[in-house]
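The values are calculated or read from the model by the stated rules, or taken from the named source; none is laboratory data. Predicted model only: the values in this text are computed from it and were never measured. Every residue, glycine among them, receives a Cβ derived from its backbone with ideal geometry; neighbour counts consider all protein chains shown. Heavy atoms of the whole protein, side chains included, go into the accessibility calculation; ligands, DNA and RNA do not. Shrake-Rupley method; radii C 1.70, N 1.55, O 1.52, S 1.80 Å.
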Amino acid sequence: MPAILPLPRHVVRDVVARAIAEDQGGRGDVTSLACIPARAEAKFYVNAREAGVVCGFQPALEAIWQCDPEALVSPQMEDGDVVKPGDVLISVTGRARGLLAAERILLNFMGRMSGIATFTRAYVDAVKGTGARIAHTRKTTPGFRAFELQAVQAGGGALHRFGLDDAILIKDNHVAVCGGVAEAVKAARSNAGHMTRIAVEVDRLDQLDAAISAGAESVLLDNFSLDDLNAAVAAAKGKVTLEASGGVNLTTVRGIAETGVDVISVGALTHSAPNFDIGLDEG
């Protein structure tokens, strides 16, 4: 598995700070303020409560340190590690008020990100041996994309484009406005720099030749049947990267991969991953 790219420090800091501000409102954690002495200390463990792939250590540690800058934190695992129920992910000692204020924030981040990583690993395992890569889409939670895509990578998924400025991907509506696949690809090629890849989405087999002839480097085969995917792979003859999308789930993904496509993009990795059960328990 490729190295998991760390999230930019300022992104983690700012998103976590907003999450804490959302949780504490204008008065802070009134429960802890009311019943826990200011200087009381505690030791807690962040534990996995199910089996899977964990992710989210960066925002979890950031949440702890923003709530208690002097906390002593010891991560026991790393993003991408496979865990079983009861495994300790993080041990932390610090001011009880701060750690309890950080609890739900760190669990929200780790639960969401570990859920995506675990779900992604299920897809990656399902296509093992075929050569197909599992990739994310842009169907992500607004403002949380960087975290969700890091989780996809932790689960063994491949990176797709991050945003609209990352690569040219001509979709069906671009094709409709431009008047056809060839016209859209040619227009993009004439305006794009020589370093920019051009991908185009097609929803019919007869559009494939036009996409290749016009100079697309990647072709996204949208909602193709298995027969049409096989035909597309045979027709492309390795000239372009072929990506299958649409109708992908854990039941269908193996058959799609066995057609010989290079990439399978799965929106469900980020929009339908279940939360991973993680808890904070007193030491």
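Find the accessible area per residue for region 208-283; the probe is 1.4 Å, ligands and nucleic acids are left out, and the unit is Å².
Value returned for region 208-283: 43 Å² of accessible area per residue.
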Where trypsin sites (Lys or Arg not before Pro) fall in DSSP loop in region 198-260, at most 16 other Cβ within 10 Å: Arg204, Lys237, Lys239
field: Enclosed volume per residue, in Å³, of the convex hull spanned by Cα atoms of region 78-154
entry: 110 Å³
task: Give the distance, in whole Å, between the Cα centre of region 67-146 and the Cα centre of region 232-274.
output: 26 Å
task: Pairs to check: Lys171/Lys237; Lys84/Lys128; Lys43/Lys139; Lys43/Lys84. Give those whose C-alpha atoms are more than 27 Å from each other in this structure.
output: Lys43/Lys139
message: Please check: in the Gaussian network model of the chain (C-alpha springs, under 10 Å), which one of Asp209, Asp79, Asp262 has the largest mean-square fluctuation.
response: Asp209
message: Using a Förster radius of 35 Å, what is the FRET efficiency between Ala34 and Val82 based on their Cβ-Cβ separation? Nearest 0.05, please.
response: 0.30
- prompt: Looking only at region 134-157, which residues have a backbone nitrogen under 14 Å from a spot 7 Å from the Cα of Asp14 in the C-beta direction?
  reply: 143-147
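Per the helix-only calculation at 222 nm, which mean residue ellipticity applies to the chain, given -39500 (n - 2.57) for every DSSP H run of n ≥ 4 and division by its residues, nearest 500 deg cm²/dmol?
-12500 deg cm²/dmol
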- line: In the chain the DSSP beta bridges are antiparallel at a rate, in percent to nearest 5, of 50 percent
task: Considering Cα pairs under 8 angstrom that are at least six residues apart, work out the relative contact order of region 140-283 and quote it in whole percent.
output: 18 percent
- prompt: Nearest 20 debye, what's the magnitude of the dipole of the chain about its Cα centre given +1 on Lys and Arg Cβ and -1 on Asp and Glu Cβ?
  reply: 340 debye
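How much length is gained if the chain between Ala192 and Phe162 is pulled fully straight, taking 0.36 nm per residue apart and subtracting their Cα-Cα distance, in nm to one decimal?
Numbers: separation 30, 0.36 × 30 = 10.80 nm, distance 1.80 nm.
Roughly 9.0 nm would be gained on extension.
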field: Mean Cα-pair separation over length for the chain, i.e. relative contact order, pairs under 8 Å, 6 or more apart, %
entry: 22 percent
- line: Taking every alpha carbon pair in the chain and sorting the distances into 5 angstrom bins from 0 up to the bin holding the longest one, the percent per bin comes out as 1, 6, 12, 14, 15, 13, 10, 8, 7, 6, 4, 3, 1, 1, 0
